[in-house]
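The values are calculated or read from the model by the stated rules, or taken from the named source; none is laboratory data. Computed from a prediction, not measured in an experiment: that's the story for all the values here. Ideal geometry is used to build each Cβ from the backbone, glycine not excepted, and the neighbour counts take in all protein chains shown. Ligands, DNA and RNA are stripped out before the accessible areas are found, and what is left, the full protein with its side chains, is counted by its heavy atoms. Shrake-Rupley method; radii C 1.70, N 1.55, O 1.52, S 1.80 Å.
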Amino acid sequence: MDQCGQGRDKELRYRFIYNHFPSLQEEDIIGKTDVEIFTGAGVKESQEFKKEVLERGLPAKREITFETELFGSKTFLIYVEPVFSKAGDTIGVNYMGMDVTDQVNYLSILSFCLDFHGLILISNSGFQKNKVH
């Protein structure tokens, strides 16, 4: 399971990153925002989520699916917490993302199978009631 840790300033520019995508170098990331680096579904949603945490001053988590040229379709469970100065001012956010794509796909398949199994049970119970003995 891939994990990524990041620190962002008030403008949501990267201050540091742990375990970044292999084809990117630190100089491609530090000082930039997600929308300056990535394009595709989920990028703006992720940026807005970080802004919400920054504005509210409370930690939160959310599952976001990204569709980018860099890494394709991936779903991440994202945890974002505000970072405060000694004076109590919000000065940025810390971010932890965990790739949960396989788990999401597994749960979708499991849900489909359970729904299908339920339909079979309902169908069989109707068949049993109508069966002549």
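What to note about this one:
- Segment residue 16..residue 45, full-extension length gain: 8.4 nm, with 0.36 nm per residue of separation and the alpha-carbon distance subtracted.
- Put simply, the amide H of residue 66, placed in the peptide plane, has neighbours under 5 Å in 74, 75, 76, leaving out anything fewer than 5 places away on its chain.
- Length gained on full extension, residue 79 to residue 35, computed as 0.36 nm times the residue gap minus the Cα-Cα distance: 14.0 nm.
- Local net charge near residue 84, Cβ-Cβ under 14 Å (Lys/Arg +1, Asp/Glu -1): 0
- Across region 3-101, Cα-Cα pairs farther apart than 21 Å form 26% of the total.
- Between residue 56 and residue 96, the modelled label-to-label distance comes to 1.8 nm, taking each label 7 Å out from Cα in the direction of the beta carbon.
- The share of accessible area on region 3-101 that comes from carbon and sulfur is 51 percent, using a 1.4 angstrom probe.
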